[in-house]
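*Asks:* Below is one structure. I have some questions about it.
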Amino acid sequence: MRTTNWMILALLAVTLTAAAQQSAPAPQNPQAAPTAQTGSAPAQATLAPPTTMDQVVDRVILREKDLIKFLAPRTPIVETYLQDLTQDPQLGPIPQSDHYFLGRMDLSDSIDRSDYLGDKDGKGKDKEDSMEKHLLGGFTKMFKFQYQPLGFSWMIYADRNDFDRQHYDFHYARREFLGDVRCLVFDITPKKDAGRGRFLGRIWVEDQDFNIVRLNGTYARPSRNTFFFHMDSWRLNLIPGYWVPAYIYSEEGDFTAGAHNKIAFKAQTRMWGYNLKTGTPNDELTQIRVDSVKDDTPTAQDASPLAAEREWQQQAEDNVIERLERAGLLAPEGDVDKILQTVVNNLEITNNIELPRPVRTRVLTTSPLETFSVGNTIVVSRGLIDVLPDEGSLAMMLSHELAHIVLGHNLGSQYAFNDRMLFSDEGTFANLGFKHIPEEETAADKKAIEMLKASPYAQKLETAGLFIKALQVRAPQLTALLQAHLGNSMIDNGTVTRMAALVNGAPALDWNKLDQIAALPLGGRVKLNAWDDKVEMVKAQPVAITSARDKMPFEVTPFFPRLSRYNATSAPAAAPTTATTAANSSPAPAN
Ligand SMILES: [Zn+2]
């Protein structure tokens, strides 16, 4: 069986090579011969190991083409968060302004991207001339250094159309471990007549199946109006046989004396939701389940008016949570929820809060800092959990939403009507919203501070106040990061409003005080699985902070995931997080 698969693959490869040799490569037909091993172990598992570097390169090319084919029917979510930099004499490069892009990427023949955020960033999809489009593998060019979201997502492949020996020279450099994975390292240069927009840089290839696991470099010979960014692109072995693109870090700019930069930025691009249902009509039929029809209630009777009201809110809550999860915007229930849940429980118990329905917590998969609640479910964004310095500040954020629930500020009961769930994933932000009126915001803050003062976090609110102070210092530059998409923003006209009263008890913000950690960089706490959207806490060894420049509050940093091979039998690593500095300790349940 596997041999047959391999033969199909080999035939395909021959076809592709033949196509590549022609001057004008024919567009690949997405319907044509899907590789039969999709979803199963890679075909070359049955191949003899290559004996020369030339054979290795052939395998690499084959595997890359197979990955492109495998991902073609998928439409992952792609998020790019970018910070423009300016030089601060004391802190080094710091954010000056920021940009945020979120969309679904269509990885089929012509790579395209549809936006969740509407067109409010201006500059939607200009029509590009087909020549440029071809050169960039179907992506938009970037006029005058303007950041087109597509510019980052196309870096998932070295060269979508022409990754082959006709267009590139491959030079073996060395062997190197990336995490647990032994890799072969190749330097890749485009051939002289290969044309514009060709990859120039280095690839890391794992040494069992010869999949590319990391790409680092840029694209060569930009035309006059095109600008190619440098990128460091990482793939993870999240399913058997394939390494899927998960992270891209980009950075430009030089702050050495005398350098004149037109452009200086750093950006993180994350991909996830590869396994999201694409929502074909047939899905509906395959998902029909016949649940138990037995009614377990001892006395089956109609609901009282209050019970009916609660039932109604529960229905709205379930609808919204399910819809957000289906759009890839909410992580499935998991261990991070348990941590959040514990903090909520601590607040509830010490304040004698008893609610008719339990309060649940979930993680929004996106970076902008926001919280909201729908019914009794509190939702906190991944980015917010990342930057919160400690458990007390996490309690501060959760207490605000818990206060809304306790005060009965229910929102979203209109979503109990199922027709309101019938919108495209990209329409999520336009169709759902959980913003409170200012009066409810003020009341929630007041109640939240009461609850915090009666809780185990009463003695830990200084850092929470410091966090608000740090947020205030950076707020004018980080409008995109602070733009909430479903809930209330924490700022109003550049001033932090959320829980602002806590700054009164906080010490002065001092960047030079190395043990004072007011906020963390993005991406340090929560790890999002690109394939199944699950989130988990990062288990990273804390690194000592040696200067004010190491603090990087709210900032974008490079990715350095520890690579490992997919192992179906291994449960998520149970290694405890070692927390030796405040900066890196995970928010853990209070005692
Ligand atoms: Zn609120």
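*Asks:* Look through ARG224, ARG182 and report the one residue that is out of contact with any helix residue (DSSP H, G or I) (no Cβ under 6 Å at 6 or more places or on another chain), open to solvent by 10 Å² or more (accessible area, probe 1.4 Å), at pLDDT below 95 and not small (Gly, Ala, Ser).
*Replies:* ARG224
*Asks:* Exactly one of (1) within 15 Å of the ligand (Cβ to nearest atom); (2) open to solvent by 50 Å² or more (accessible area, probe 1.4 Å); (3) out of contact with any Asp or Glu (no Cβ under 8 Å at 6 or more places or on another chain) is unmet by LEU407. Its number?
*Replies:* (3)
*Asks:* So which of VAL363, VAL387, VAL380 is hydrophobic (A, V, I, L, M, F, W, C) and within 15 Å of the ligand (Cβ to nearest atom)?
*Replies:* After ruling out the rest, the residue left standing is VAL380.
*Asks:* Answer yes or no: is there a residue in the stretch 282-296 that is over 21 Å from THR371 (Cβ atoms) and either modelled with pLDDT of 85 or more or open to solvent by less than 80 Å² (accessible area, probe 1.4 Å) (or both).
*Replies:* The answer is yes; a qualifying residue exists.
*Asks:* Just to verify a result, which residue in the stretch 492-521, among those that are under 14 Å from ASP445 (Cα atoms) and in a loop (DSSP other than H, G, I, E, B), is most open to solvent (accessible area, probe 1.4 Å)?
*Replies:* For the stretch 492-521, the residue satisfying everything is THR497.
*Asks:* Please find, within the stretch 410-451, the residue that is surrounded by the fewest Cβ atoms within 10 Å (Cβ to Cβ) out of those that are charged (D, E, K, R) and within 10 Å of the ligand (Cβ to nearest atom).
*Replies:* Going through the qualifying residues, I end up with LYS435.
*Asks:* To continue, here is another question. For the subset of the stretch 40-74 comprising residues that are modelled with pLDDT under 85 and part of a loop (DSSP other than H, G, I, E, B), which member is most open to solvent (accessible area, probe 1.4 Å)?
*Replies:* Filtering first and then ranking leaves ALA48.
*Asks:* Taking TYR157 as the residue in question, decide whether it is within 23 Å of the chain's Cα centre (by Cα), at pLDDT 75 or above and buried (at least 20 other Cβ atoms within 10 Å of the Cβ).
*Replies:* Considered against the rule, which asks whether it is within 23 Å of the chain's Cα centre (by Cα), at pLDDT 75 or above and buried (at least 20 other Cβ atoms within 10 Å of the Cβ), TYR157 comes out as yes.
*Asks:* Could you grab the pairs with beta carbons closer than 8 Å, sequence gap of 6+ or different chains, first residue in the stretch 394-421 and more than 16 Å from VAL379 (Cα to Cα), second one near the ligand (Cβ under 10 Å from one of its atoms) and open to solvent by 10 Å² or more (accessible area, probe 1.4 Å)?
*Replies:* Once the first residue is more than 16 Å from VAL379 (Cα to Cα) and sits in the stretch 394-421, its partners that are near the ligand (Cβ under 10 Å from one of its atoms) and open to solvent by 10 Å² or more (accessible area, probe 1.4 Å) give LEU407/GLU440; LEU407/ALA443.
*Asks:* Would you call ALA548 surrounded by fewer than 18 Cβ atoms within 10 Å (Cβ to Cβ) and either in contact with a Lys or Arg (Cβ under 9 Å, 6 or more places away or on another chain) or under 30 Å from SER233 (Cα atoms) (or both)?
*Replies:* For ALA548, the condition - surrounded by fewer than 18 Cβ atoms within 10 Å (Cβ to Cβ) and either in contact with a Lys or Arg (Cβ under 9 Å, 6 or more places away or on another chain) or under 30 Å from SER233 (Cα atoms) (or both) - is met.
The values are calculated or read from the model by the stated rules, or taken from the named source; none is laboratory data. Remember, it's a predicted structure, so these values are computed and weren't measured experimentally. FYI the Cβ positions are ideal-geometry reconstructions off the backbone, even for glycines, and counts take in every protein chain you see. With ligands, DNA and RNA removed, areas are computed over all heavy atoms of the protein, side chains included. Shrake-Rupley method; radii C 1.70, N 1.55, O 1.52, S 1.80 Å.
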